[in-house]
1. Across segment B:167-186, what is the number of residues that are surrounded by 17 or more Cβ atoms within 10 Å (Cβ to Cβ) and without any contact (Cβ under 8 Å) to a residue 24 or more places away in the chain?
2. Looking at residue B:7, is it surrounded by fewer than 19 Cβ atoms within 10 Å (Cβ to Cβ), part of a helix (DSSP H, G or I) and more than 11 Å from DNA strand C (Cβ to nearest atom)?
3. Do you know which residues across segment A:45-93 are touching a residue at least 60 places away in the same chain (Cβ under 8 Å) and of a type in the set (S, T, N, Q)?
4. On the basis of being surrounded by 15 or more Cβ atoms within 10 Å (Cβ to Cβ), closer than 21 Å to residue A:110 by Cα and more than 16 Å from DNA strand C (Cβ to nearest atom), does residue B:97 make the cut?
5. Test residue B:37 against the stated conditions and say whether it is within 16 Å of DNA strand C (Cβ to nearest atom) and crowded, with 20+ Cβ neighbours inside 10 Å.
6. Any residue at all in segment B:43-50 that is away from DNA strand C (no atom under 13 Å from the Cβ), loosely packed, with under 13 Cβ neighbours inside 10 Å and away from chain A (no Cβ under 14 Å)?
7. Which ones in segment A:4-32 are in contact with a Ser or Thr (Cβ under 9 Å, 6 or more places away or on another chain) and basic (Lys, Arg)?
8. Provide a single number: the residues in segment B:60-85 that are of a type outside the set (A, V, I, L, M, F, W, C) and crowded, with 17+ Cβ neighbours inside 10 Å.
Number of protein chains: 2
Amino acid sequence: MDKNDLRNKLVSISTRLFSERGLNGVSIREISKAAGVSISMISYHFGGKEGLYSSVLQEQFSGFEHIEEINKVDSDALSKIEAYIRWIIVRHRDNPYLLRFYTSELTNPTQFFPLIVQPAIGKVIQILVHIIEEGISTNKFRKDLNPVDTVLAMAGMVTYYFLSTLATQELINHSPERDEVLVRHYMDIFTKGILSSFPSGNAE
Amino acid sequence: MDKNDLRNKLVSISTRLFSERGLNGVSIREISKAAGVSISMISYHFGGKEGLYSSVLQEQFSGFEHIEEINKVDSDALSKIEAYIRWIIVRHRDNPYLLRFYTSELTNPTQFFPLIVQPAIGKVIQILVHIIEEGISTNKFRKDLNPVDTVLAMAGMVTYYFLSTLATQELINHSPERDEVLVRHYMDIFTKGILSSFPSGNAE
DNA sequence: GTCTATATTGCGATAGAC
DNA sequence: GTCTATCGCAATATAGAC
């Protein structure tokens, strides 16, 4: 087998296993067995279990580099927000493992958080903050918004939809066919809020 | 030492350790050493490591039973939503470990998820859905809201604020003194959205 | 580059003394 | 109810053959 074939195979297999049970929940024995190679290959190619995990993490967060795509379109702040919502949904649809590494590193960071995870998340937040600021300065968005809080509110809405899947699968359909409805719904809530457009006196 | 003293001590110490490194990241050797007792005490009192983890989980999610408090006040749907936001903030402030068990069980469920975690989360979501439905039927909220999606959007906003702490501590002040500002801000976004109240034509 | 075999350490669980 | 001592097994890592 080609050298890179084996490296890729080990990364791909351990991505699934690490995402399911965490760094400490999987042994290199199990990984090498699943890959059909000797356990010593992990030390040889990655310098050990943590080296393998670091490679997995690097691959998982490499996609965050492309967040700038949502800015490329020549559009206003609102369209960029919609582009972000679509972008994050596509990321989770394409890679069902990402969210687990994401939450695991945020709540129980490994030594690789500062070098791999923090910069990736930081870049996304930075770009989103600029979009909100742009919306405020062009009078599209309310002047009293705190940009960072607003970004977290938006990112939280979308992220939590995926995070809560296991607890809400009996309540709503989480299949991708409903994603378009979801985008519209979240855009509506985030831009207009939930209040009825009737005058807000006591209506009952 | 009294029997319950030791049980409580073991639960309290392992709550911190399990939350920091997960079920598989902590050994009962380390827990018993930190508690200053013999390793055999864990098997004796809890039937093993998993039994201890189960007790920890049970304690962590027992507080969810009191979610009904937010309904007790004789108030409209909007006030109940504000009560929920405050309630969830207080929960995380009072117990910094909760979020880790919460996300860990949602993304990497153990055998205890169905019996301990799912019912606790399910109860909260159910009550929140009723509040949204109440708001819709009294004409306070928009008629086209999907109640479950709306609940997840709201819960996500607040939860993600805590989840993202590690990645955003350089950007915003996460100290409890700012919680009141946060409640106002999230209520504003969730009810009115982010759009400026100026007519939404091209304002630049 | 990949294997087998092994060294060493740590794991969870429990038997048996007190 | 708590301890010490130990069993049996699985962990990571590596030396050395091919």
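Derivation of every value follows stated rules applied to the coordinates shown; laboratory data play no part. Since this is a predicted model, take the numbers as computed values, not measurements. When we count neighbours, we look across all protein chains shown, and the Cβ atoms used for this are built from the backbone with ideal geometry, even at glycine.
1. Residues in segment B:167-186 being surrounded by 17 or more Cβ atoms within 10 Å (Cβ to Cβ) and without any contact (Cβ under 8 Å) to a residue 24 or more places away in the chain: 5 in total.
2. Numbers: surrounded by fewer than 19 Cβ atoms within 10 Å (Cβ to Cβ): yes; part of a helix (DSSP H, G or I): yes; more than 11 Å from DNA strand C (Cβ to nearest atom): yes.
Yes.
3. If the condition is that a residue be touching a residue at least 60 places away in the same chain (Cβ under 8 Å) and of a type in the set (S, T, N, Q), then A:54, A:71 are the ones that fit.
4. On the way: surrounded by 15 or more Cβ atoms within 10 Å (Cβ to Cβ): yes; closer than 21 Å to residue A:110 by Cα: yes; more than 16 Å from DNA strand C (Cβ to nearest atom): yes.
Yes: the conditions hold for residue B:97.
5. Working: within 16 Å of DNA strand C (Cβ to nearest atom): yes; crowded, with 20+ Cβ neighbours inside 10 Å: no.
Judged against the criteria, residue B:37 is not a match.
6. Narrowing segment B:43-50 to residues away from DNA strand C (no atom under 13 Å from the Cβ): none.
Within segment B:43-50, none of the residues are away from DNA strand C (no atom under 13 Å from the Cβ), loosely packed, with under 13 Cβ neighbours inside 10 Å and away from chain A (no Cβ under 14 Å).
7. If the condition is that a residue be in contact with a Ser or Thr (Cβ under 9 Å, 6 or more places away or on another chain) and basic (Lys, Arg), then A:7 is the only one that fits.
8. Initial filter on segment B:60-85 (of a type outside the set (A, V, I, L, M, F, W, C)): B:60, B:62-63, B:65-66, B:68-69, B:71-72, B:74-76, B:79-80, B:82, B:84.
Those left that are additionally crowded, with 17+ Cβ neighbours inside 10 Å: B:60, B:80, B:82, B:84.
Residues that pass the stated criteria total 4.
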